[in-house]
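A short write-up of the structure that comes next.
The values are calculated or read from the model by the stated rules, or taken from the named source; none is laboratory data. Please read all numbers here as calculations on a predicted model, not as lab measurements. Reconstructed Cβ throughout: ideal geometry from the backbone, glycine too, with neighbour counts over all protein chains shown. In case anyone asks, the SASA skips ligands and DNA or RNA and just uses the protein heavy atoms, side chains included. Shrake-Rupley method; radii C 1.70, N 1.55, O 1.52, S 1.80 Å.
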Amino acid sequence: MRHGWRADAAFALGCLALAGYVLSGLWSGGYLVDGGQDQNQWEWFFAVTARNVAGGDFPLFTTLQNHPLGVNLMANTVMLGLSVPLTPLTLLLGPTATWTVVLTLGLAGSAFAWYRLLSRHVIASRAAAGVGAAFCGFAPPIVSHANAHPNFVVLFVIPLICARVVALHRRRRVLRDGTLLGLLAAYQVFLGEEALLLAFVGLAVFCLGYGLAVFWPGYGPAGPQGALPALRPMLGGVCVAALVCVALTGAALVYQFAGPQSYDGLIHGPAGNDVKALVAHAGRSLAGDEAVAGSLSMNRTEQNAFFGWPLAVLAIGIVLWLRRKPVVVGAGLTAFTGVVLSLGPEITFGGAETGMAGPWGVLSGLPLFESVLESRFTLVTAAAVGVLLAVAADHALGLSWTGLPVRTLLCLALAEALIPVFPLPLAAGDRAPTPAFFTTGAWRAHVAPGRSLVPAPPPDAGDATALRWQIDAGLGFPMPEGYFVGPYGPGRQGVYGVAPRPTATLLREVRDTGRLPAIGEEERRLAREDLAFWQADAVVLGPHERQEALRAALTRLLGEGRQEGGVWVWDV
């Protein structure tokens with residue numbers, strides 16, 4: 001690990017191999033089943049962005065879902081920072097290939113970016129940097145999000161932002177480094193705004209802890225008299241960065257928050273981490289238990305803690321052992337803050353409410369923070385713990401031969417803490433083939449340009465299979481409703497999908513229960529109104545385990561349909 005670029009290349013290849021191992025089921029042609037419908041949604045985002053870029057269309061809005069009202073793409077996590085430059089790949093090989101490449105390079109690239117930050121700006125040992133960076137890139141919360149949320153996997157810009165902050169502190173080239181910081185922040189806006197907000201909070205806490213350790217009277221080596229000269233270039237650089245970032249993203253952000261189909265905050269209930277989840281193991285970790293992890297988390301894509309008790313003990317021990325190092329104080333305070341905020345407005349233990357209020361209640365009502373899932377603050381903790389591991393390993397490796405017992409003990413502690421959280425391959429399964437009605441273009445005989453095709457029922461968060469059908473039909477027709485984030489009600493609160501119309505509600509009830517409700521003239525009248533609102537030319541029922549019940553409901557609503565290309569079609 002002493003040979004410079006060879007060490008860098010070896011670590012990069014190792015990260016790429018580990019990412020391929022974690023996503024092996026996806027690379028073999030599978031569908032990430034633990035992500036629910038999110039893979040269908042993300043592939044649709046990649047496909048519609050590529051279509052907009054290739055056709056020269058406006059990239060921030062589309063009516064291909066939620067026709068005729070449309071979807072504000074800037075207000076959804078379409079990751080324009082990757083989906084736009086990867087347009088050639090999407091057009092050539094399809095959005096599934098783009099999805100696979102984004103997740104793989106996101107895991108590997110983020111780990112390598114942390115490695116570069118640690119080895120160039122924080123510590124001397126590349127081996128120690130590799131230990132910390134590997135954890136940052138493949139921590140249990142990151143692997144969990146790899147099932148469905150590339151915006152929390154593709155995090156390579158965050159270490160680059162941290163490096164610019166370090167540069168401002170050390171070199172004090174305010175204009176140059178502030179401009180670079182602004183460019184990076186602007187790019188991160190188009191990769192994931194929530195990750196940028198979490199990083200902002202984490203960096204602010206780290207700088208506070210680092211500053212206290214350096215300038216606190218009687219503790220810090222610099223003393224309080226050096227605080228203001230050190231702070232001045234930092235503040236100047238941040239102001240320059242803010243101006244650059246706003247100049248580059250301001251118009252898009254205005255469209256996001258005030259454009260058509262924008263919304264004001266995302267509705268979700270309390271989503272704090274259970275205290276026991278902090279010291280348990282994730283379902284896709286080597287020591288994990290799917291049942292235990294499931295009982296302590298919202299779902300398999302939001303297992304945002306699960307560090308395991310050995311790693312928790314090790315992190316605390318590192319902070320106590322190296323408490324005189326400013327970087328350890330900063331990282332320790334950041335890790336602790338992330339944990340505390342992630343507990344939510346009321347602390348729970350083993351699924352039971354304790355009645356104790358968490359500090360998240362102070363932030364939850366602030367602008368932007370009201371849309372954040374608080375349990376995700378442990379992503380900040382994961383990065384801080386990676387820094388602690390790297391600094392501790394570097395310190396131990398730097399000891400003389402008399403420190404051999406310390407190095408041995410640290411190696412044993414690292415093994416005890418990291419082997420249990422080693423990731424397992426994500427679960428993958430087969431996806432049903434798209435009916436020939438869509439792949440052969442037979443739908444064109446039933447839908448005029450500008451008119452919509454209505455899947456029965458319309459796609460939603462529970463079943464977004466129709467988005468895949470639309471992709472395989474070349475995005476040639478729009479659909480009503482869908483799986484995205486849009487406004488709900490007069491308060492324009494953000495929800496997944498839209499307020500369903502009566503016919504969509506009826507069909508989803510049949511889909512979910514298999515029971516056929518009473519359908520009379522009133523239901524038929526509402527169906528005619530809904531189809532007119534959707535500007536529909538055809539209703540299509542594809543393969544489904546409750547196809548017969550759905551077909552009976554549609555027959556009562558619309559009359560007899562006919563089979564074609566593996567689906568039932570009603571021309572309306």
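Checking Arg116, Arg51 one by one, the residue that is in a helix (DSSP H, G or I), of a type in the set (Lys, Arg), touching a Ser or Thr at 6+ places or on another chain (Cβ under 9 Å) and surrounded by fewer than 21 Cβ atoms within 10 Å (Cβ to Cβ) is Arg51 and no other.
Considering segment 299-337 alone, what residues qualify as being of a type outside the set (A, V, I, L, M, F, W, C) and assigned to a helix (DSSP H, G or I)?
Keep residues of segment 299-337 that are of a type outside the set (A, V, I, L, M, F, W, C), which gives 299-304, 308, 310, 317, 323-326, 330, 332, 334, 337.
Those that are of a type outside the set (A, V, I, L, M, F, W, C) and assigned to a helix (DSSP H, G or I): Pro310, Gly317, Pro326, Gly330, Gly332, Thr334, Thr337.
Set side by side, the residues His149, His169, His121 differ, and just one is free of Cβ contacts under 8 Å to residues at least 60 places away in the same chain and surrounded by fewer than 24 Cβ atoms within 10 Å (Cβ to Cβ), which is His121. Of all residues in segment 254-279, those that are at pLDDT 90 or above have Cβ atoms under 7 Å from Cβ atoms of residues that are open to solvent by 60 Å² or more (accessible area, probe 1.4 Å) and in a helix (DSSP H, G or I), 6 or more apart or on another chain, in Val279/Trp309. Being buried (at least 17 other Cβ atoms within 10 Å of the Cβ) and either out of contact with any Pro (no Cβ under 9 Å at 6 or more places or on another chain) or at pLDDT 90 or above (or both) holds for only one residue in Gly386, Gly398, Gly403, and it is Gly386.
Considering only segment 489-503, I want to know if a residue exists there that is on the phi < 0 side of the Ramachandran plot, part of a strand (DSSP E or B) and open to solvent by less than 20 Å² (accessible area, probe 1.4 Å). Yes.
Here is a yes/no grid of residues against (1) surrounded by 22 or more Cβ atoms within 10 Å (Cβ to Cβ); (2) modelled with pLDDT under 95:
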| site | (1), (2) |
| --- | --- |
| Leu155 | yes, no |
| Leu160 | no, no |
| Val165 | no, yes |
| Val174 | no, yes |
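Taking residues in segment 176-194 that are open to solvent by less than 10 Å² (accessible area, probe 1.4 Å), and partners anywhere that are of a type in the set (D, E, K, R) and modelled with pLDDT under 95, the pairs with Cβ atoms closer than 6 Å and at least 6 places apart or on different chains are Asp177/Arg164. Counted as qualifying within segment 361-461 are the helices (runs of 4 or more DSSP H) with 1 or more residues that are closer than 29 Å to Met298 by Cβ, namely 378-397, 404-418.
In the set Thr96, Thr87, only one residue is open to solvent by less than 20 Å² (accessible area, probe 1.4 Å) and either farther than 19 Å from Cys15 by Cα or touching a strand residue (DSSP E or B) at 6+ places or on another chain (Cβ under 7 Å) (or both); that residue is Thr87. Within segment 75-84, the residues that satisfy the criterion of being open to solvent by 20 Å² or more (accessible area, probe 1.4 Å) and either at pLDDT below 95 or outside any helix (DSSP H, G or I) (or both) are Thr77, Val84.
Taken over segment 428-460, the criterion of being open to solvent by less than 30 Å² (accessible area, probe 1.4 Å) and over 22 Å from Ala538 (Cα atoms) is satisfied by Gly429 alone. Within segment 223-245, the set of residues being of a type in the set (A, V, I, L, M, F, W, C) and surrounded by 14 or more Cβ atoms within 10 Å (Cβ to Cβ) comprises Ala227, Ala230, Leu231, Met234, Val238, Val240, Ala241, Ala242, Val244, Cys245. Pairing residues of segment 5-16 that are in a helix (DSSP H, G or I) with residues that are aliphatic (A, V, I, L, M), at Cβ distances under 6 Å and at least 6 apart in sequence or on separate chains, gives Ala7/Met1; Cys15/Ala108; Cys15/Ala111; Leu16/Ala108. Of the set (1) under 15 Å from the mean Cα position of the chain (by Cα); (2) of a type in the set (Val, Ile, Thr); (3) over 26 Å from Gly36 (Cβ atoms), all apply to Ile123 but (1).
Of all the numbered requirements in (1) open to solvent by 50 Å² or more (accessible area, probe 1.4 Å); (2) in a loop (DSSP other than H, G, I, E, B); (3) over 30 Å from Pro423 (Cα atoms), Leu248 misses one, and that requirement is (2).
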